[in-house]
Amino acid sequence: MTMWLLPILGLIIGVLVGSAVTFQIPLIYVKYMSIAVLASLDSVLGGIRSITESHFDGAVLLTGFFTNALLAALLAYLGDRLGVDLYYAAVFAFGVRLFHNLAAIRHQLLLQYRTKKNEQKR
Amino acid sequence: MKRKWVIPITLVCIISGFFLSFQLKVLANNNNTNPLSQKNTNLVMIINDLEEEIKNQENIIEKIRNDLSGLENRPIPGELQELQNQLKDARIVAGLTPVVGKGIIITIDDNKEGLKTNPNDDPNKYIVHYEHILNIVSELRVGNAEAISINGQRLITSSEIRCVGNVILINTTRIAPPFEITAIGSPKHLAEIVTNGELDIMQSLNYPITLQEADEVIIPAYKSGLQFRYAKPVKEAK
């Protein structure tokens, strides 16, 4: 379990850095920023899921992380220019994926836990 | 177990954490849950731009007025001098020149302490309303105040004191508490009239109030332009 310390430490460092910066983005862009946040959270959960399902690929995770966050924010912005509320589509898509990933992680962990227990019994 | 995933996940976690707290901070700083907030910020930006523009134009007016008074102050022979003096007097009466003299300075502020101790009470009972200012100004005028300004805004015949949401408009400029009302006139007389009127009422409601008699107060000139588009003098019958 010690290998999980580094990502958690990273999360804490990120939070600290984020709360320490005094830089402010204009209020109008907060909406798009929130999509980027959602996308990045989705990427983290997706990464953890792929670890539990043991088909993790660092390149896939990193590229997915940046393109998802950036493209989602850009698309939402473009949607606003065009008068289409793509913002809600992005929130919905990432929201669904988030919960889906969460469920998959839980399933996998439960599965691993049970197989371990069965092995111990034998 | 292979550990090749630790570094990428850590990287992603750092950035996610950064985004997360950054976004939280931005939203916490602007805890405006109003769904119209985006529209509001646009309107606020427009208002700010226009106020900036007004300020610029007022500066231009002031510059032109200064040039004008420079020209007027040149020595002029004969009859014109008389007219010149009349014009100066008219300017002072109209409020287009800064004036100095004996007077009083009143400051009033929202009753923040009262609101803090009774947070569930109606906040309207604790803030300074435009009526308070209006009443004080009326009383000062009864007391023959010759010039009045509020937070640097000279009151002239066309000045309004109007409530717009949580600020007060005077000379179409937004002013906010604490309010400083300056008046030129007999200090004793003015002080007496306001302390027996509106200030007494406000004092009993625990508003923070100060009143100061001064030997020299300066009241600025009216900054905007004066324009009569509709009113014309009545032709006198010969």
Exercise. Got a sec? Which of B:70, B:114, B:103 is more than 14 Å from chain A (Cβ to nearest Cβ), in contact with a Pro (Cβ under 7 Å, 6 or more places away or on another chain) and not hydrophobic (A, V, I, L, M, F, W, C)?
Worked result: B:103
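To keep it simple, each residue is scored yes or no on (1) of a type outside the set (Ser, Thr, Tyr); (2) closer than 21 Å to residue B:26 by Cβ; (3) buried (at least 17 other Cβ atoms within 10 Å of the Cβ).
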site	(1), (2), (3)
A:36	yes, yes, yes
A:41	yes, yes, yes
A:44	yes, yes, yes
A:47	yes, no, yes
A:69	yes, yes, yes
A:74	yes, yes, no
A:88	no, yes, no
A:113	no, no, no
A:120	yes, no, no
For this session: Give A:8, A:105 a once-over and let me know the one that is more than 7 Å from chain B (Cβ to nearest Cβ), in contact (Cβ under 8 Å) with a residue 60 or more places away in the chain and surrounded by fewer than 19 Cβ atoms within 10 Å (Cβ to Cβ).
Result: A:105
Seminar exercise, completed: Counting only residues in region A:49-99 that are not charged (D, E, K, R) and not in a helix (DSSP H, G or I), the one farthest from residue B:11 (Cα to Cα) is identified as A:83
For this session: Kindly check whether there is at least one residue in region B:208-220 that is in a loop (DSSP other than H, G, I, E, B) and surrounded by fewer than 14 Cβ atoms within 10 Å (Cβ to Cβ).
Result: no
For this session: Run residue A:81 past the list (1) farther than 27 Å from residue B:7 by Cα; (2) charged (D, E, K, R); (3) within 15 Å of the chain's Cα centre (by Cα) and report the number of the one that doesn't hold.
Result: (3)
For this session: Scan region B:122-136 and give yes if some residue there is assigned to a strand (DSSP E or B) and of a type in the set (Lys, Arg), otherwise no.
Result: no
Exercise. Would you pick out the residues in region B:12-41 that are more than 7 Å from chain A (Cβ to nearest Cβ) and either at pLDDT 85 or above or under 23 Å from the mean Cα position of the chain (by Cα) (or both)?
Worked result: B:40
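The values are calculated or read from the model by the stated rules, or taken from the named source; none is laboratory data. Every value quoted in this text rests on a predicted model; they were computed, and no experiment measured them. As a convention, Cβ positions derive from the backbone with ideal geometry for all residues, glycine included, and neighbour counts pool all protein chains shown.
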